[in-house]
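Asks: The structure under discussion is supplied below as structure tokens; questions concerning it will follow.
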Amino acid sequence: MILSTLASHSSLQILHGAKMEGFRTAILSSQTRENFYRRFGFIDNFLVYKNEEEAINLLNSLQDAIFIPHGSLIEYVGIERVSKIKLPIFGNRNLFPWESNQVKKMKLLEMSNIKTPTRFERPEDVDRLVIVKLPGAKGGRGYFTARTKKEVKEGIKQLLDKKMIQNEDELIIQEYIIGIPMYFQFFYSPMLQRVELTGIDIRYETNVDGLRRLPGDIKADPTFVVAGNIPAVARESILPLAFEYAENFIKTTRNVVSPGVIGPFCLESIVTDQLDIIVFEFSGRIVAGTNIYVNGSPYSWLYWNEPMSVGRRIAREINLAIQKGKIEDVVT
Amino acid sequence: MILSTLASHSSLQILHGAKMEGFRTAILSSQTRENFYRRFGFIDNFLVYKNEEEAINLLNSLQDAIFIPHGSLIEYVGIERVSKIKLPIFGNRNLFPWESNQVKKMKLLEMSNIKTPTRFERPEDVDRLVIVKLPGAKGGRGYFTARTKKEVKEGIKQLLDKKMIQNEDELIIQEYIIGIPMYFQFFYSPMLQRVELTGIDIRYETNVDGLRRLPGDIKADPTFVVAGNIPAVARESILPLAFEYAENFIKTTRNVVSPGVIGPFCLESIVTDQLDIIVFEFSGRIVAGTNIYVNGSPYSWLYWNEPMSVGRRIAREINLAIQKGKIEDVVT
Amino acid sequence: MILSTLASHSSLQILHGAKMEGFRTAILSSQTRENFYRRFGFIDNFLVYKNEEEAINLLNSLQDAIFIPHGSLIEYVGIERVSKIKLPIFGNRNLFPWESNQVKKMKLLEMSNIKTPTRFERPEDVDRLVIVKLPGAKGGRGYFTARTKKEVKEGIKQLLDKKMIQNEDELIIQEYIIGIPMYFQFFYSPMLQRVELTGIDIRYETNVDGLRRLPGDIKADPTFVVAGNIPAVARESILPLAFEYAENFIKTTRNVVSPGVIGPFCLESIVTDQLDIIVFEFSGRIVAGTNIYVNGSPYSWLYWNEPMSVGRRIAREINLAIQKGKIEDVVT
């Protein structure tokens, strides 16, 4: 059987893990990136496309293959084209439309009794420090903070002027929570019927994470474009709450977006100085922060006494499903 | 033989390491946390307590067991109850009272010819930037910085008002050293008669480590609550000084707090831009920053060509002691 | 065969890796550091010197040995003495004079079609935020930022007054790029005829990385002395550009500094919020940031399904060269 993915985001980790679990591997790559991916020995087949239309056709020509989605899939290929993928997709493809819509996304969290930042429907309602976010996984491009209605409106106007959004309804205006970011990476295993913490990361964002290096009297507007990730662990005493959130989320998605979340997901959180966890976003698939842990994370080593990246964990889950004759439980 | 610990802090790592070394494991857990710890496969026995009194009784009922203390023990159970633990305790239990008292703590460092920040006995003496710290390992809660006697006094008044302290004598007022934090994690092995560097970490503190992400003109008071840890390595040329400090500290504790430090300890330091190491605190047991290194650290791999967390290192030391018939050399 | 290096920088990693690959090891150490290095079990021979003159003689007395240079070599021993090393040196020793000269250094990057910050020949030309750097690998000591010609001149005057430089021609004045630092560590293998990404790190600098912890109204001048390193991974979509730069650099050095770069090198970069990579410096040898990855990095695990530090990778390359009878292809 072939495990395949789109050339970007966490594809190296996914295909490396697939190879370690004994699968053949295929990558769906644009022409411009092919050379880069040829540098690695664990990719068996190259499906090189000229345009996104061709990409879907190439993918659908694969026999006996599963497709592993990641955070760049919708961004690169578009949600409509993704819906035309005929290959079985690892995880729950019904989550894609929920993820593309910031409002629906936050609703899934709220339904799970997970603490989230206050959301403001309209710029007029803003009464505190907020962050304004764009739809989809654009890696933070265009995000801005604002303290007043006026600043929110000015920021939105700039996004419209730069054509970064079509209209302001696409945006989400969220209370800005003061605390530290922590991204809790989980994996729900239908085969083992348990949720595993696969790692924690912090995003490394340009330019905001560089600004502190400037002399105090030099001003530059912060931008929040994710360019990398840094590893972290959490205080052990906050993990029970993180797991409670994870379990709640799994139950909610099972009820609302059948068959529920399968495999990797991430609760993107701020930890406050009351050691409360406020989740401001989730990802329903593998996140790029797992790329830190190609040889396993401080948490994955607690479950597996072997190197277990999330990429490999996906392949392992597929292996377990094949052995049990239950592959339909992990793909949609 | 059973290795046991209290459910918190670094207990996952400790029991995971114990299991890797072939021990049976037991966890002493409050009812609220039991479910969380049931998620992990390496915990054999659960001692679930309703209150701290029961906790000590449950622990004392264990046969053929050793108890591994960590930084949350005194905080959760209280130093008086801890003194009633009849099980052999890995390490030197005589260090506990020294650690609970900030003044005695700093004295051990000073006696070791380790550079420490200037200490101010009374708020009236303050003549520079200081940090005011609470007793015990409260994870930084309530810590504040101040520049003048007046600010120190105001801060202390707030702590008294919030009942975070009983009286101001419990506090320690330290010169605030400008530089970068580095936590040097050591392990003194009576069996191999050597000190090992097991890792280096940086604390990830809420909200101070999130504040830099705020626009420059938004003000928020920094708080210093440790919510996690980030891995780091040190410039190789500063390690000789760190080891000199570690050796001095081992000698001092041997003379002053017999039988001296055994197993893990940590020198909590600021490295200045003169590449000097100023130690502002120590921990006489395993620190939570070692949780980063469940699969070994950049330093542990220099000693052991196998994954060696500090949790496992403790279990290994007990194993070595059993083999040599010298278990009394590593417990008190 | 013996692999040898100078006691500092990344020597622990280099000799640990050499031992894992089956070599005998030797360290060239000053008397003051000998005790520190005796703590590690993988160093077979100690060449202890009283002064730098003796150091070179001791080294040249080694039989059947290769010397592995690192970033502290020129700094400690001086470029003239280094030229007297008769042992074969792993890598390209002809790069040393290029690295010691900031202007020639930047020229190699520019010739490689790598984006670099604008360079200002004279303080008079400065028209934007700049960083002024000292020659050699002094770990950032003395570096300063400035916004105007006037500030540049004042800063230079201070360096001259403190005798940190002899004259201002040694300095390099570079545009200060706003973004986040990322250090891309590469390894060019003549034996496998490929370039590998061995890891990415962020420098941990004192005091600049500690200043953000100060209350907002306390001012301290930032200094940029590297005291350690923190691990990171990059967004997968920026890696193709990083590899393009690496390939270009290999080609340029082959043409201009025969036989070209061999083994580890590092492209020291800022990633902007346009996800562009601007390289402000390179290292032509192993960098200290690789010390994070003694057990392999998230990237090295993609190439090697075994722990592969850069130290070990060097030893592996020498092993491959010996097997192929081509040792002269990896030493100069």
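The values are calculated or read from the model by the stated rules, or taken from the named source; none is laboratory data. Just so we're clear, the structure is a prediction, and the values are computed from it rather than from any experiment. Using ideal geometry, Cβ is built from the backbone for each residue, glycine included, and neighbour counts are taken over all protein chains shown.
Asks: Can you tell me which residues in region A:230-246 are within 15 Å of A:Leu302 (Cβ to Cβ) and aromatic (Phe, Trp, Tyr)?
Replies: A:Phe243
Asks: Also, quick follow-up: Would you say C:Ile173 is buried (at least 20 other Cβ atoms within 10 Å of the Cβ), part of a loop (DSSP other than H, G, I, E, B) and of a type outside the set (Gly, Ala, Ser)?
Replies: No.
Asks: Filtering region C:55-71 down to residues that are in contact (Cβ under 8 Å) with a residue 60 or more places away in the chain and not in a loop (DSSP other than H, G, I, E, B), which residue is surrounded by the fewest Cβ atoms within 10 Å (Cβ to Cβ)?
Replies: C:Ala65
Asks: What about A:Gly22, is it on the phi < 0 side of the Ramachandran plot, at pLDDT 95 or above and surrounded by fewer than 16 Cβ atoms within 10 Å (Cβ to Cβ)?
Replies: In short, no.
Asks: Same structure again: Kindly evaluate C:Gln274 against the criterion of being within 14 Å of chain A (Cβ to nearest Cβ) and surrounded by fewer than 20 Cβ atoms within 10 Å (Cβ to Cβ).
Replies: Yes: the conditions hold for C:Gln274.
Asks: Right, another one. Only residues in region A:298-314 that are modelled with pLDDT under 95 count as the first member; pair them with residues that are crowded, with 24+ Cβ neighbours inside 10 Å and not in a helix (DSSP H, G or I), Cβ under 8 angstrom, at least 6 apart or cross-chain, and list the lot.
Replies: Cβ pairs passing all conditions: none.
Asks: Something else: Answer with yes or no whether C:Val279 is away from chain A (no Cβ under 14 Å) and outside any strand (DSSP E or B).
Replies: Spelling it out, it is not the case that C:Val279 is away from chain A (no Cβ under 14 Å) and outside any strand (DSSP E or B).
Asks: Another question about this same structure. Do any residues in region A:179-193 that are on the phi > 0 side of the Ramachandran plot have Cβ atoms under 7 Å from those of residues that are assigned to a strand (DSSP E or B) and aromatic (Phe, Trp, Tyr), where the two are at least six apart or on different chains, and which pairs are they?
Replies: Going by the 7 Å Cβ cut-off, there are no qualifying pairs.
Asks: Residues in region C:143-154: is at least one crowded, with 21+ Cβ neighbours inside 10 Å, charged (D, E, K, R) and assigned to a loop (DSSP other than H, G, I, E, B)?
Replies: Taking every residue of region C:143-154 in turn, none turns out to be crowded, with 21+ Cβ neighbours inside 10 Å, charged (D, E, K, R) and assigned to a loop (DSSP other than H, G, I, E, B).
Asks: State whether one or more residues within region B:40-54 are under 24 Å from B:Val330 (Cα atoms), surrounded by 17 or more Cβ atoms within 10 Å (Cβ to Cβ) and out of contact with any Leu (no Cβ under 7 Å at 6 or more places or on another chain).
Replies: The answer is no, given that none of the residues of region B:40-54 is under 24 Å from B:Val330 (Cα atoms), surrounded by 17 or more Cβ atoms within 10 Å (Cβ to Cβ) and out of contact with any Leu (no Cβ under 7 Å at 6 or more places or on another chain).
Asks: Of the residues A:Lys105, A:Lys150, A:Lys115, A:Lys157, only one is under 27 Å from A:His9 (Cβ atoms), away from chain B (no Cβ under 14 Å) and among the charged types (D, E, K, R); which?
Replies: A:Lys105
Asks: In the list C:Glu110, C:Glu151, which residue meets the criterion of being at pLDDT 95 or above and outside the structural domain of C:Leu15 (by the TED database)?
Replies: It is C:Glu110.
Asks: For region A:29-51, give me the residue count where each residue is of a type in the set (Asp, Glu) and over 16 Å from C:Glu236 (Cα atoms).
Replies: Result for region A:29-51: 1.
Asks: A follow-up question, please. Look through region C:167-180, keep the residues that are under 23 Å from C:Asn229 (Cβ atoms) and in contact with a helix residue (DSSP H, G or I) (Cβ under 7 Å, 6 or more places away or on another chain), and return whichever of them is farthest from the other protein chains (Cβ to nearest Cβ).
Replies: Going through the qualifying residues, I end up with C:Ile172.
Asks: So, one more: Looking only at residues that are crowded, with 21+ Cβ neighbours inside 10 Å and among the hydrophobic types (A, V, I, L, M, F, W, C) in region A:227-238, which one is nearest to the chain's Cα centre (by Cα)?
Replies: A:Ala227
Asks: Answer yes or no: is there a residue in region C:37-44 that is among the aromatic types (Phe, Trp, Tyr) and part of a helix (DSSP H, G or I).
Replies: Within region C:37-44, one or more residues are among the aromatic types (Phe, Trp, Tyr) and part of a helix (DSSP H, G or I).
Asks: May I pose another question? May I ask you to list the residues in region C:198-239 that are facing chain B (nearest Cβ under 10 Å) and in a loop (DSSP other than H, G, I, E, B)?
Replies: Matches in region C:198-239: C:Arg212, C:Arg213, C:Leu214, C:Pro215, C:Gly216, C:Asp217, C:Ile218, C:Ala220, C:Asp221, C:Pro222, C:Thr223.
Asks: Further question: Looking only at region C:11-34, which residues are within 9 Å of chain B (Cβ to nearest Cβ) and in a strand (DSSP E or B)?
Replies: Residues satisfying the conditions do not exist here.
Asks: From the list A:Asn291, A:Asn305, A:Asn255, pick out the single residue that is part of a helix (DSSP H, G or I) and either more than 20 Å from A:Phe23 (Cβ to Cβ) or more than 10 Å from every other protein chain (Cβ to nearest Cβ) (or both).
Replies: Matching residue, one of A:Asn291, A:Asn305, A:Asn255: A:Asn255.
Asks: Being β-branched (Val, Ile, Thr) and over 13 Å from C:Ala246 (Cβ atoms) is the filter here; which residues of region C:264-295 pass it?
Replies: C:Ile270, C:Val271, C:Thr272, C:Ile278, C:Ile286, C:Val287, C:Thr290, C:Ile292, C:Val294
Asks: Please enumerate the residues belonging to region B:80-95 that are surrounded by 15 or more Cβ atoms within 10 Å (Cβ to Cβ) and in a helix (DSSP H, G or I).
Replies: Scanning region B:80-95 gives B:Arg81, B:Val82, B:Leu95.
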